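The values are calculated or read from the model by the stated rules, or taken from the named source; none is laboratory data. This is a predicted model, so every value here is computed, not measured. Cβ placement follows ideal geometry from the backbone for every residue including glycine, while neighbour counts extend to all protein chains displayed.
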Amino acid sequence: MVYNPITHQLFADDGSFIKTLHCPLNKQWEDLNSTITLKARLCDSCNKQIYDSALLKENELINLIKNDPHTCIKIDLNQENIYLTHQTYVEQ
């Protein structure tokens, strides 16, 4: 996956747009409640699960977003499955 930390846009390795990441609550991962799955935590403010993209394969993340475009995603700029870019892509 490719992430632009300036625009907060996430793309698949083929360049296709996945999602723009935005959380108005600006929660920290450590402040979220644990869930049954290690891949997600629960935000007690909005009652949504936030998925850790470091623990997901690209196709799993894409399927989550297809099923619910409002799915919350956590990105760590140092995770192994994310490449950073400053290139601007066009959302499709």
Cβ pairs under 9 Å, 6+ apart or interchain, first in region 1-27 and at negative phi and of a type in the set (S, T, N, Q), second assigned to a strand (DSSP E or B) and crowded, with 17+ Cβ neighbours inside 10 Å, ordered by first then second residue, are N4/L10; N4/F11; Q9/V2; Q9/Y3; Q9/I18; Q9/K19; T20/Q9; T20/L10
When region 69-86 is checked residue by residue, the ones that are part of a strand (DSSP E or B) and surrounded by 14 or more Cβ atoms within 10 Å (Cβ to Cβ) are C72, I73, K74
What number of residues in region 41-92 are aromatic (F, W, Y) and under 14 Å from Y3 (Cβ atoms)? 2
Residue pairs qualifying under the 9 Å Cβ cut-off, at least six apart or on distinct chains, with the first in region 33-47 being modelled with pLDDT of 90 or more and the second being of a type in the set (F, W, Y), are K39/Y51; A40/Y51; R41/W29; R41/Y51
Selection over region 1-29 where residues are over 13 Å from the mean Cα position of the chain (by Cα) and either under 12 Å from I65 (Cα atoms) or surrounded by 14 or more Cβ atoms within 10 Å (Cβ to Cβ) (or both) yields a count of 2
By residue number, the members of region 30-41 that are assigned to a strand (DSSP E or B) and over 14 Å from the mean Cα position of the chain (by Cα) are N33, S34
